[in-house]
């Protein structure tokens, strides 16, 4: 029985894909990363999505990321597995594999360039063939982005599609639009944007924020404080970690992996997406050093 995502409030941490010197997935490092996320207290795990550089992974590598994650988690947290694909057949295959591995939900962007009826068919097949709660990842990407009205049609007509990760610029305002437009069929909403807007996400009724895992312990603690009625402390902690979240947005996965190296989880900093991640300049390293010095005391371990 899949775990209830409504109970998984706070950080839905994304494992970054660790690559070795041969550019292959470093499975021992991935297992260390999953244990790191669990020890950090994140409410759930989402894999392999954009932070995982999933669009550079082969089908075999994507399955490996899901399989290793589910095996390492062993039921201790909900796992949301990525099924994004260029067509419904492949998405359904990813979904069935995720279910067989023990995932608790699947997440997918709409297939690029499809008209709405084919988008509906895509999500219907993914939901029915996986048998898992299905989340629309509504990213602000041309040809993929859905309007609130289109999302409302999908969740109303397809019972298994009941979650949305809303991350269309300019930000949290779109969450309110989705919540207000989807009057039936919507179970919950998760956010993105690297957890930069947690206080306003919480105010808008979001269940969790899906983000890179390097400071997931602090992000989870922010949510825990809000849920405990200690909003002022939660805001103070969020504002304290915000410079690190902003640097991730600015520098991409090289920053996130640099933090994971400093936290003793990763060894190499290798990424595949050089087109979206510029090499770190000495001035970047200096700024990371400054933010790291302020961040260390906030970390759980």
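FYI, it's all coordinate maths here, none of it is from the lab. The model shown is predicted, which means the values in this text are computed figures rather than measured ones. Cβ placement follows ideal geometry from the backbone for every residue including glycine, while neighbour counts extend to all protein chains displayed.
Overview of results
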| read-out | value |
| --- | --- |
| Shape of segment 19-93, Cα gyration tensor, a/c cut at 1.5 | oblate |
| Contour excess over end-to-end distance, with Cα ends at residue 89 and residue 187 and 0.36 nm allotted per residue | 32.7 nm |
| Added length on full extension, which subtracts the Cα-Cα distance from 0.36 nm per residue, residue 173 to residue 128 | 13.1 nm |
| Residue exposure sequence - 270, 211 - by fewest surrounding Cβ within 10 Å | 270, 211 |
| The chain: calculated mean residue ellipticity at 222 nm from DSSP helix runs of at least 4, using -39500 (n - 2.57) | -14500 deg cm²/dmol |
| On Cα atoms only, tilt of 27-40 relative to the major axis of the chain in degrees | 90 degrees |
| FRET efficiency, residue 283 to residue 27 (Cβ-Cβ, R0 30 Å, nearest 0.05) | 0.30 |
| Label-to-label distance, nm, for residues given as residue 157 and residue 116 (7 Å Cα→Cβ offset) | 0.8 nm |
| Candidate values [x] -0.61, -1.00, -1.08; [y] -0.50, -1.02, -1.18; [z] -0.67, -1.02, -1.12, label of the one derived for log10 I(q)/I(0) by the Debye sum over Cα atoms at q = 0.10, 0.14, 0.15 Å⁻¹ | [y] |
| Alpha-carbon centroids, segment 201-221 and segment 38-70: separation in whole Å | 17 Å |
| Residue order, fewest to most surrounding Cβ atoms within 10 angstrom, among 35, 153 | 35, 153 |
| Cα-based helix-to-principal-axis angle, 59-73 vs the chain, degrees rounded to 10 | 70 degrees |
| Ascending count of other beta-carbon atoms within 10 Å, so fewest first, for 80, 210 | 210, 80 |
